[in-house]
Amino acid sequence: MRTLGIIALCVVLLIGVAVVWYMLAYPTYSYRYRMTVEVMADGVLHSASSVIEVRLQKQPQFLVPVPPVYPAVSGEAVFVDLGDGRNAIALLASGPNASNVDYPIYVVPTHFRLSFEDRDLVKYAGLQGQWDLPEQALPTLVTFADLNDPKTARVVGSAEFEQVFGPGVRFKRAFVEMVPAGTWPFNMLGWPRDWAGEPVTRGIEKRVTWIGNYEAETTFERRLRETGGGGGGVLMPGRNLRRGV
C-alpha cells in the first residue's frame, strides 16, 4: 500500500509539473475593452456599452499544423434602448451583413498596430487609451421591429438612422476604451474585484430572449444577409449577439 501511495504521489507531481510547464511554454494573453455606442433620439443621448474579452492562447506545433495563437472572444453585443420600443444593436461582427465574425478580435490590434507574434503578445495586458471608431471600423448595426421575432431584424447603416427610425434620430459615435483584464485565475473566477479586472458584460438574453435557440439564430443570420445585401459565405448562428458562454 505504501508503495502504491508513493507511486500515486509521484504521478500527481509529474502531472502538476507537466501542467506548469505547459502553461509557461504556451501562455494565454488576455485583454478587455469596453465598446460604447451613442445615438441621439429626439434630443436625448442614448448610450450603452459592453465589455468584451479576447484571450490569445498560444498553441503547440506538433503533428497537425495549427495557428500558433488561438483567439477566443467572450462578451456580447451592445444593446441601445432608444425608447418607444426602438432599439439599435452593435453586433460582434462587422460588414454590411455581419460576415466578418473576427471583428471583435482585431478591433484593438488594428488600432495599436499589433500582431499576434511573441514580441507583441506581451504588450496587450498593458494597453491603455480610448478612441472613436471611424466609419470603416464600425461594427454591424441592426434593429428589430419586434425583439421576439428574429425575422424582423434589419441592418442599419450609420447614416440611415433617420430613414429607419424617423426624424430626430441619428447615430452619433462608437468608441472603444481599454479596461483592466485582471490576473489569471481571478479574472476567470470574477473575484476578488481588484484582481478580477473589469467584468465581461452579460445579460443580453434578457432582452433578446431567443438567443441560444439554433433555429431562431439561423433565421436571424439569414435576415442579416437579406437586409445587408446578400452574400457573406457560410451561416454562423450564435456568433453575433453573444459569445463565450
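The values are calculated or read from the model by the stated rules, or taken from the named source; none is laboratory data. What you see is a predicted model, and the numbers here were worked out from it, not measured in a lab. Reconstructed Cβ throughout: ideal geometry from the backbone, glycine too, with neighbour counts over all protein chains shown.
The table below lists the values:
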{"quantity": "The range 147-172 residues that are surrounded by 16 or more Cβ atoms within 10 Å (Cβ to Cβ), paired with ones that are part of a loop (DSSP other than H, G, I, E, B) and among the charged types (D, E, K, R) (beta carbon under 8 Å, 6 or more apart)", "calculated": "LEU147/ARG207; VAL169/ASP42"}
{"quantity": "Conditions (1) among the basic types (Lys, Arg); (2) closer than 24 Å to GLY157 by Cβ; (3) free of Cβ contacts under 8 Å to residues at least 12 places away in the same chain; number of the one not met by ARG86", "calculated": "(3)"}
{"quantity": "Wholly within the range 1-94, strands (runs of 3 or more DSSP E) carrying at least 2 residues that are closer than 27 Å to GLN128 by Cα and either acidic (Asp, Glu) or modelled with pLDDT under 85 (or both)", "calculated": "28-41, 44-58, 69-76"}
{"quantity": "Candidates ASP132, ASP102, ASP120, filtered to the one that is among the charged types (D, E, K, R), surrounded by fewer than 15 Cβ atoms within 10 Å (Cβ to Cβ) and farther than 21 Å from VAL245 by Cα", "calculated": "ASP132"}
